[in-house]
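Notes to accompany the following structure.
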């Protein structure tokens, strides 16, 4: 097949969950004999055209210097660029992920009579969920989220692919998408690349990896670190070593909070004068470096109140690192209802502290969680299985009535 992938950003210039997912998928599809082209914005120092791992990358439209941040005008420019490319080129299938390019690519696919698959990773808050900090757009753009999102999801795509059954159900129940046009395909994990990535030299006790945006709640991570550190200090134990990997619009605010909690200092991770110390690693240069940090931590913590899958959890499980996360539907699915990691009621920092401390301790409980996580990755998130199911979705062999049932949540 001749396949086009469309997303605003691409690896190696951006390493968000959607980009990492497409990076693995495109490489696996090339291995299976397909011709894959990836259309994205110009990012940092990217050339206009390049080939990476057998995948042809086309970087078009505006140049983004700090991905994934991009101005609204840049998104509109790329929408027009993607529309024209699809209209003037022929592919067997076009796979476009949310958000900005979707309507333009859909219209171009309709006009040029090409098959399109829409990949929708997540939805913004609604109903009784917190809406103030759970939007997929910035505060500047929130006023337009609801009407655009509803229109965006309800366009008559050939097929909609979701990463989890939780997002599948939300699209069906809250946004009214026909179940007959949707299918769930769990993300894959590049186990070989994870195995080859060397551990980081510096070790940590607890680690956060992700964008510093409201719904990730790095504030809860920092408050938990302070609470655990205070207990350690009272018991005369070495200080807790915590680390934050990632950047985003809340970077300065979260650094200020860490400083006000007494977690930052000139002596950094080597300090023995406080109960807990946080190292601010910022965005790392590549995905291997992120994996290295996961391998060198005792516990990965994801205090997020909204996720479409939680790819960082699956990667940590593949590293043999136990996970603690807030109990939201997609995360519950990724962690197998808590068998492969600890699930905590959202925003319950006290319970978060207890779960982290339990997994920091050596013992049967920690080893059981690690073993369950490794099994989960092998059985459900293997790269080959992911590519095979996406390939089947592209040609119409995978869909309602032609796939194994997806495990429902309690």
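Computed values, structure above
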{"read-out": "Residues being closer than 24 Å to residue 289 by Cβ and in contact (Cβ under 8 Å) with a residue 24 or more places away in the chain - total across region 240-267", "value": "16"}
{"read-out": "Residues of region 318-338 classified as more than 19 Å from residue 216 (Cβ to Cβ) and assigned to a helix (DSSP H, G or I), total", "value": "5"}
{"read-out": "Test for residue 41: is it surrounded by 19 or more Cβ atoms within 10 Å (Cβ to Cβ), in contact with a helix residue (DSSP H, G or I) (Cβ under 8 Å, 6 or more places away or on another chain) and part of a loop (DSSP other than H, G, I, E, B)", "value": "no"}
{"read-out": "Residue within region 75-93 that is assigned by TED's automatic domain parsing to the domain that holds residue 16 and in a strand (DSSP E or B) present", "value": "yes"}
{"read-out": "Of all residues in region 233-249 being surrounded by 19 or more Cβ atoms within 10 Å (Cβ to Cβ) and farther than 25 Å from residue 16 by Cβ, the one that is nearest to the chain's Cα centre (by Cα)", "value": "241"}
{"read-out": "Failed criterion for residue 252 (all others in (1) closer than 16 Å to residue 283 by Cα; (2) surrounded by 24 or more Cβ atoms within 10 Å (Cβ to Cβ) hold)", "value": "(2)"}
{"read-out": "Residue within region 65-86 that is buried (at least 21 other Cβ atoms within 10 Å of the Cβ), touching a helix residue (DSSP H, G or I) at 6+ places or on another chain (Cβ under 7 Å) and closer than 24 Å to residue 245 by Cβ present", "value": "no"}
{"read-out": "Matching residues in region 339-353 - criterion: being surrounded by fewer than 16 Cβ atoms within 10 Å (Cβ to Cβ) and either in a helix (DSSP H, G or I) or in contact with a strand residue (DSSP E or B) (Cβ under 7 Å, 6 or more places away or on another chain) (or both)", "value": "350"}
{"read-out": "Selection count where residues are over 14 Å from residue 251 (Cα atoms), without any contact (Cβ under 8 Å) to a residue 60 or more places away in the chain and touching a strand residue (DSSP E or B) at 6+ places or on another chain (Cβ under 7 Å), scope region 212-232", "value": "4"}
{"read-out": "Test: residue in region 8-18 that is assigned to a helix (DSSP H, G or I) and buried (at least 22 other Cβ atoms within 10 Å of the Cβ)", "value": "yes"}
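The values are calculated or read from the model by the stated rules, or taken from the named source; none is laboratory data. Not measured: the values here are computed from a predicted model. Using ideal geometry, Cβ is built from the backbone for each residue, glycine included, and neighbour counts are taken over all protein chains shown.
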